[in-house]
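Visitor: Shown below is the structure under consideration.
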Amino acid sequence: MTEVNISVEDVNPTLKVAHISGQLDESNVDEKIQGIYKALENAPKGLNMIFDMQNLDYMNSKSIGYLTDLYGKITELGGKVSICSAKPNILDILQVVGLTQLMQNYESLDAATTALAVPVVPAVTPTPTPVAQPAQVVTQPAPTPVAQPVVAPAATPTVEATVTPAQAPVAPVAEPTAPAQPQPGQVTSDGAYKFES
Amino acid sequence: MEENTKTKITITLPTNAYFMSGIRDFTLNMIKNTTNFEEKWAFRFQSVVDELCNNAIEYGSSPGSEIRITFIYAKDDYLEIEVQDTGTGKNRIKAEELKKLYEERREPAYQFTGIRGRGLVKIIGEWSDEIKFEDRPEGGLSVTVKKYLKDPRFKSGLPQKTEQIILN
């Protein structure tokens, strides 16, 4: 299992910081992420969370899926979610999947803490007394089955490297440069499917 | 590395996510040290390889079997990465089905709601210029992605917007 460490710190009753270090990948994410779900059990309404990614070196798409799920659970309860200190490669992957549109990224934990700790200005007009709400429980997602190897893997993967002279120059597949944009699923003359995301 | 050369590296590994940390390190260092792709792309290809292999391990090759990764770097031209599985996995999928799934998820209106499913489209798809799904004659699936070095879109820093899907 790749090394990763997740610890959740209670900064105050309405703010938790999840410190994530190491590499979150297929070999560990299902197990390790549960620490954050556990910390959110019986979370009060309006609980905010910061994901401190200062020492996070890698995260895969499933980790991002879990972050998205956690975001949904926290914001459902009226809380906010931010990330801080993410390295450029982490920020890049969060950006490409669109997560930075949901979660604000701060350069430091202090900046994120300050931003989330800003008290809400009370409304000028008197508000009715809130009705007591039943305690909300954050449910954990069904664990994803992880494929277990039946046979112990070979000790070392085999690596073969060959350097071969280039034959005829390889013509790159035609890049779409024409101003007219291809339609999704359009079949071109060379049998390829072209589409725009 | 000499001019006009292609470097081909093939790695065969057991169907086990345990090895992926080493494969990611290898990918990062190989791209940083032996290609002209900038560092940002070394990290991106690291993710692309990881996602391709995780899919192959999960869907294509049964435990105890293997997957094969092939890197082909054509100097100053492109990097191609192919991941093959053996088609022995419980959840194996045909090229046609995978292509359909890919296209559905590429639709702008598609909403990713679960924990999973973002890797192929949002990471592999966004960070490659071409993607090809093929059924292997001996069984299993081969997924190949290609990224051109002299892509004018590199300079814009914008996400890749157009690409080709080739299905054999």
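Visitor: Please average, across the residues of B:102-112, the number of beta carbons from any other chain that are within 10 Å of each residue's own beta carbon, and give a whole number. Mind showing how you got there, number by number?
Guide: On the way: counts 1, 4, 0, 0, 5, 4, 3, 0, 0, 0, 6.
Across the residues of B:102-112, the mean count of other-chain Cβ atoms within 10 Å is 2.
Visitor: Please identify which residues in the stretch A:47-84 have an amide N closer than 11 Å to a label point set 7 Å out from the Cα of A:GLN104, following the Cα→Cβ vector.
Guide: Within reach of a label on A:GLN104, which here means backbone N under 11 Å from a point 7 Å along Cα→Cβ, the stretch A:47-84 contributes A:80-83.
Visitor: Please compute, for the alpha-carbon atoms of chain B, the extent along each of the three principal axes and give them in descending order in Å.
Guide: In descending order, the Cα extents are 43, 38, 29 Å.
Visitor: To continue, here is another question. Around A:LEU15, which amide H atoms from residues at least 5 apart in sequence, or from another chain, sit under 5 Å from its own amide H, with H modelled in the peptide plane?
Guide: A:ASN48
Visitor: Where does each of A:95-108, B:137-150 land if you order them by average Cβ count within 10 Å, highest first?
Guide: Details: A:95-108: 16.2, B:137-150: 17.7.
Final packing ranking: B:137-150, A:95-108.
Visitor: Can you say what percent of the DSSP beta bridges in the stretch A:4-117, counting only those with both residues inside, are antiparallel? Round to 5.
Guide: Working: 8 of 24 bridges.
Bridges in the stretch A:4-117 that DSSP calls antiparallel: roughly 35 percent.
Visitor: Continuing with the same structure: Quick check on the exposure proxy: order A:VAL4, A:VAL11 from fewest to most C-beta atoms within 10 angstrom.
Guide: Values: A:VAL4 23, A:VAL11 15.
So the residues, fewest neighbours to most, are A:VAL11, A:VAL4.
Visitor: With respect to the cross-link table entries B:LYS90/B:LYS150; B:LYS40/B:LYS132; A:LYS80/B:LYS32; B:LYS6/B:LYS90; A:LYS62/B:LYS94, which display a Cα-Cα separation exceeding 31 Å? Show your work: numbers first, answer last.
Guide: Details: B:LYS90/B:LYS150 40 Å; B:LYS40/B:LYS132 23 Å; A:LYS80/B:LYS32 37 Å; B:LYS6/B:LYS90 36 Å; A:LYS62/B:LYS94 22 Å.
Those over the limit are B:LYS90/B:LYS150; A:LYS80/B:LYS32; B:LYS6/B:LYS90.
Visitor: Going 7 Å from the Cα of A:SER7 along its beta-carbon direction, which residues of the stretch A:41-73 have the amide nitrogen within less than 16 Å of the resulting point?
Guide: Answer for the stretch A:41-73: A:51-56.
Visitor: Right, next: Could you work out the mean count of beta carbons from other protein chains within 10 Å of each residue's beta carbon in A:27-33?
Guide: Working: counts 7, 3, 2, 1, 0, 0, 1.
Mean inter-chain Cβ contacts per residue within 10 Å come to 2.
Visitor: How high is the FRET efficiency between A:ALA117 and B:THR88 when r is their beta carbon distance and R₀ equals 51 Å, given to the nearest 0.05? Spell out each step's value before the answer.
Guide: Numbers: r = 53 Å, r/R0 = 1.05.
It comes out at approximately 0.45.
Since every read-out is calculated from the coordinates, none of them should be taken as a lab result. This structure is a prediction, so every number in the text was calculated from the model and none was measured. With ideal geometry, Cβ positions are generated from the backbone for all residues, glycine too; neighbour counts draw on all protein chains shown.
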